[in-house]
Amino acid sequence: MRHGGRILVDQMVALGVERVFTVPGESFLPVLEALFDTPSIATIVCRHESGAAMMAEATGKLRGRPGVAIVTRGPGAANAMSGIHIAGQDQTPMLLLVGLHAGGEEDRECFQEIDLRGLFGSMAKWTAVVRSPERLPEILARAYHLTMSGRPGPVVLGLPEDVLSGTAVIADAMAPTPVAVPPSPDALAAIGQMLDRAERPLVIAGGPGWSEAAAQDLSRFATAFQLPVATAFRRQDAIDNRHPCYVGHLGLAAEAKLAAAVRGADLVIAIATRLDDVTTGADRLIATPDPSQQLVHIHPAPDQIGRLHRTQLPIVADAQSALAGLAALPAPTAAPAWATFRRDLRAAYEATLEPMATPGAVKLEQIVAIASRCLPEDAIVTNGAGNYAAFLHRYFVYKRFNTQLAPGSGSMGYGLPAAIAAKLANPTAPVVAFAGDGCLTMSLGEVATAVQYGLPIVVVVANNAMYGTIRMHQERQFPGRVIATTLVNPDFAALARSFGARGVRIEHTEAFEPALLEALQQSRPTLIELILDPQALTPRATLAAIRSGQG
């Protein structure tokens, strides 16, 4: 006979859950009691539910298995929505467990009552409430399976207090085995035939189900066929960026030559990406519903293929199986017709790595280039959202799979929680979070979490005293009418020290490299605050240039 909290935790052990992220709530005290008595599951107490949910999402990205967060009902669940939205848009396996009031109290507007299905229905793959302790193993195993099947994503489960405190005699359910869907030999042969007829083919890579083996197979496939490979939005670690076939990142404001190459390609092979609006340039690069290019779309979920873009060759397959099959295709016996196409795109990408000078004593383009040069290959770099991220995406060279954690959903506040999750998952790897001043203050409390658990992460704060992205759009679209984008910031370095972390203030670019190298040797978190000139708004445009209509 076990109470529901014990059943739930034992089932998580059976599923292989290594850690959960939580902000404690009285509605799931039986779970907390069992968790803290279970050494195989680390319980990470966070400062805010959005931080806990983002940490769980980042864990799912890194592991390919669901990250788990536990929050209380009402405001706790509402605060966790940002992490669920990230997991939904980024195709990340994640499980959110929400402690609820006792059964029989629904629809009475009792304390912190919330309609989980109404709240999460548009974001989660499945939202359910467990009604008896006997069903906990069944429903948790089903939820775990759903997070990883087809298009991965989040699942939300409600756990009423009486279910968690009730008792039952029930065995733990077996852990589900993720389904691998290999492409058919005919589909692979068809890709080979389409390449035989192509003149300007291009691969777009990056999405769920990736792995180190998949990254290596992509490299082999690209090398054999001399294919230019672009990565989908914020999936730059899908291939070593030093590879001669890597030609850049289809992010916000993609480089002009790469954008033109996608528009002018006669064959696009999209692997695991959902071809979102950023990757496709709001459909300007790959038109919807009928692209000008022949389109091969490989994705594990059939409903994602052809949903927006008509596809000549739809292939339902997971990324690992598909790339293993592509890597085994016989290489062409002669130099392909697109060899010059690939070479020119690679040269254009390499040219973008040369930093373009921006105003100010601290130059963010140089900061990112220094980090790219100084960090070891296994370093994990995280970021949230804001114009500062454009510098990171342009100038940082990702060298291994699973070294980039960034929200394709564009959620601010993500970098710090993701860095905490990354360091917990990979204790020996250096972890550096880049954040804007506005971005960081949305999750700043999690510095205390990093200190509490002794996590020597490095947080680099780009402080230009404004919401830079919104300011950029205001200056372009509403000149002379700037509102609500100026920020009054704390002394971030001093604030970090007040938490028990190290705090360093950088006012000249030359001071950054020694500060970074010293931070990597520490046993506690370090926050490095960069004092930036507000004129340095983007990698390619100053505030003055935008105001004059030149940026």
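The values are calculated or read from the model by the stated rules, or taken from the named source; none is laboratory data. The shown structure was predicted, so the numbers you read here are calculated from the model rather than taken from an experiment. Using ideal geometry, Cβ is built from the backbone for each residue, glycine included, and neighbour counts are taken over all protein chains shown. Surface areas here come from the heavy atoms of the whole protein model, side chains and all, with no ligands, DNA or RNA. Shrake-Rupley method; radii C 1.70, N 1.55, O 1.52, S 1.80 Å.
So the values come out like this:
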{"quantity": "Odd one out for Met412, checked against (1) under 15 Å from the mean Cα position of the chain (by Cα); (2) touching a residue at least 40 places away in the same chain (Cβ under 8 Å); (3) under 26 Å from Arg497 (Cβ atoms)", "calculated": "(2)"}
{"quantity": "Verdict on Asn426 being surrounded by fewer than 24 Cβ atoms within 10 Å (Cβ to Cβ) and on the phi > 0 side of the Ramachandran plot", "calculated": "no"}
{"quantity": "Arg310 of a type in the set (Lys, Arg), surrounded by 18 or more Cβ atoms within 10 Å (Cβ to Cβ) and part of a loop (DSSP other than H, G, I, E, B)", "calculated": "no"}
{"quantity": "Qualifying position, being modelled with pLDDT under 95, touching a Gly at 6+ places or on another chain (Cβ under 6 Å) and closer than 19 Å to Gly551 by Cβ, among Thr469, Thr485", "calculated": "Thr469"}
{"quantity": "Tally, over region 315-347, of residues that are in a helix (DSSP H, G or I), open to solvent by 20 Å² or more (accessible area, probe 1.4 Å) and among the aliphatic types (A, V, I, L, M)", "calculated": "4"}
{"quantity": "The listed residue being in contact with an Asp or Glu (Cβ under 6 Å, 6 or more places away or on another chain), open to solvent by 60 Å² or more (accessible area, probe 1.4 Å), of a type in the set (Lys, Arg) and at pLDDT below 95, out of Arg540, Arg547", "calculated": "Arg547"}
{"quantity": "Only one of Leu267, Leu218 that is modelled with pLDDT of 95 or more and in contact with a Lys or Arg (Cβ under 9 Å, 6 or more places away or on another chain)", "calculated": "Leu267"}
{"quantity": "Enumeration of residues in region 210-247 that are under 17 Å from Asp276 (Cα atoms) and among the small types (Gly, Ala, Ser)", "calculated": "Ala230, Ala232, Ala238"}
{"quantity": "Test result for Arg476, outside any strand (DSSP E or B), at pLDDT below 95 and either surrounded by fewer than 19 Cβ atoms within 10 Å (Cβ to Cβ) or among the β-branched types (Val, Ile, Thr) (or both)", "calculated": "yes"}
{"quantity": "Total residues in region 16-45, condition touching a Pro at 6+ places or on another chain (Cβ under 8 Å) and either open to solvent by less than 10 Å² (accessible area, probe 1.4 Å) or in a strand (DSSP E or B) (or both)", "calculated": "1"}
{"quantity": "Members of region 234-258 that are closer than 14 Å to Ala270 by Cα and open to solvent by 10 Å² or more (accessible area, probe 1.4 Å)", "calculated": "Arg235, His249"}
{"quantity": "Residue in region 86-93 that is in contact (Cβ under 8 Å) with a residue 60 or more places away in the chain, in a strand (DSSP E or B) and touching a Ser or Thr at 6+ places or on another chain (Cβ under 9 Å) present", "calculated": "no"}
{"quantity": "Residue check, His297 within 25 Å of the chain's Cα centre (by Cα), without any contact (Cβ under 8 Å) to a residue 40 or more places away in the chain and farther than 24 Å from Pro93 by Cβ", "calculated": "no"}
{"quantity": "Any hit, region 142-149, residues being under 19 Å from Glu49 (Cα atoms) and at pLDDT 95 or above", "calculated": "no"}
{"quantity": "Yes/no for Leu527 being crowded, with 22+ Cβ neighbours inside 10 Å, in contact with a Lys or Arg (Cβ under 9 Å, 6 or more places away or on another chain) and more than 30 Å from Asn426 (Cα to Cα)", "calculated": "no"}
{"quantity": "Ala56 vs. criteria touching a helix residue (DSSP H, G or I) at 6+ places or on another chain (Cβ under 8 Å) and in contact (Cβ under 8 Å) with a residue 60 or more places away in the chain", "calculated": "yes"}
{"quantity": "Any chance Gln535 is part of a loop (DSSP other than H, G, I, E, B), of a type in the set (S, T, N, Q), more than 24 Å from the chain's Cα centre (by Cα) and closer than 24 Å to Gly360 by Cα", "calculated": "yes"}
{"quantity": "Scan of region 483-512 for residues that are in a helix (DSSP H, G or I) and either open to solvent by 90 Å² or more (accessible area, probe 1.4 Å) or small (Gly, Ala, Ser) (or both), ordered by number", "calculated": "Ala493, Ala494, Ala496, Arg497, Ser498, Glu510, Ala511"}
{"quantity": "Boolean, Ala462 is touching a helix residue (DSSP H, G or I) at 6+ places or on another chain (Cβ under 6 Å) and either under 21 Å from Ala389 (Cα atoms) or not polar (S, T, N, Q) (or both)", "calculated": "yes"}
{"quantity": "Region 221-239 residues that are over 19 Å from Ala406 (Cβ atoms) and of a type outside the set (S, T, N, Q), paired with ones that are modelled with pLDDT under 95 and assigned to a loop (DSSP other than H, G, I, E, B) (beta carbon under 7 Å, 6 or more apart)", "calculated": "Ala224/Ala331; Phe225/Ala331; Phe225/Pro332; Phe225/Pro336"}
{"quantity": "Residues of region 262-293 that turn out to be within 16 Å of Asp344 (Cβ to Cβ) and open to solvent by less than 10 Å² (accessible area, probe 1.4 Å), as a count", "calculated": "2"}
{"quantity": "Tally, over region 294-307, of residues that are part of a loop (DSSP other than H, G, I, E, B) and crowded, with 17+ Cβ neighbours inside 10 Å", "calculated": "3"}
{"quantity": "Enumeration of residues in region 434-453 that are open to solvent by 20 Å² or more (accessible area, probe 1.4 Å) and either touching a Leu at 6+ places or on another chain (Cβ under 7 Å) or under 14 Å from Ala496 (Cα atoms) (or both)", "calculated": "Thr441, Leu444, Gly445, Val451, Gln452"}
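For every residue, the table says whether it meets (1) modelled with pLDDT of 95 or more; (2) basic (Lys, Arg).
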position: Pro75; (1), (2): no, no
position: Asn79; (1), (2): yes, no
position: Ile86; (1), (2): yes, no
position: Pro93; (1), (2): yes, no
position: Val98; (1), (2): yes, no
position: Gly103; (1), (2): no, no
position: Arg108; (1), (2): no, yes
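Yes/no matrix, rows are residues, columns are (1) of a type in the set (A, V, I, L, M, F, W, C); (2) free of Cβ contacts under 8 Å to residues at least 40 places away in the same chain; (3) more than 23 Å from Arg63 (Cα to Cα); (4) open to solvent by less than 10 Å² (accessible area, probe 1.4 Å):
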| position | (1), (2), (3), (4) |
| --- | --- |
| Ala371 | yes, no, yes, yes |
| Ala385 | yes, no, no, no |
| Leu392 | yes, no, yes, yes |
| Arg400 | no, no, no, no |
| Val431 | yes, no, no, yes |
| Tyr467 | no, no, yes, no |
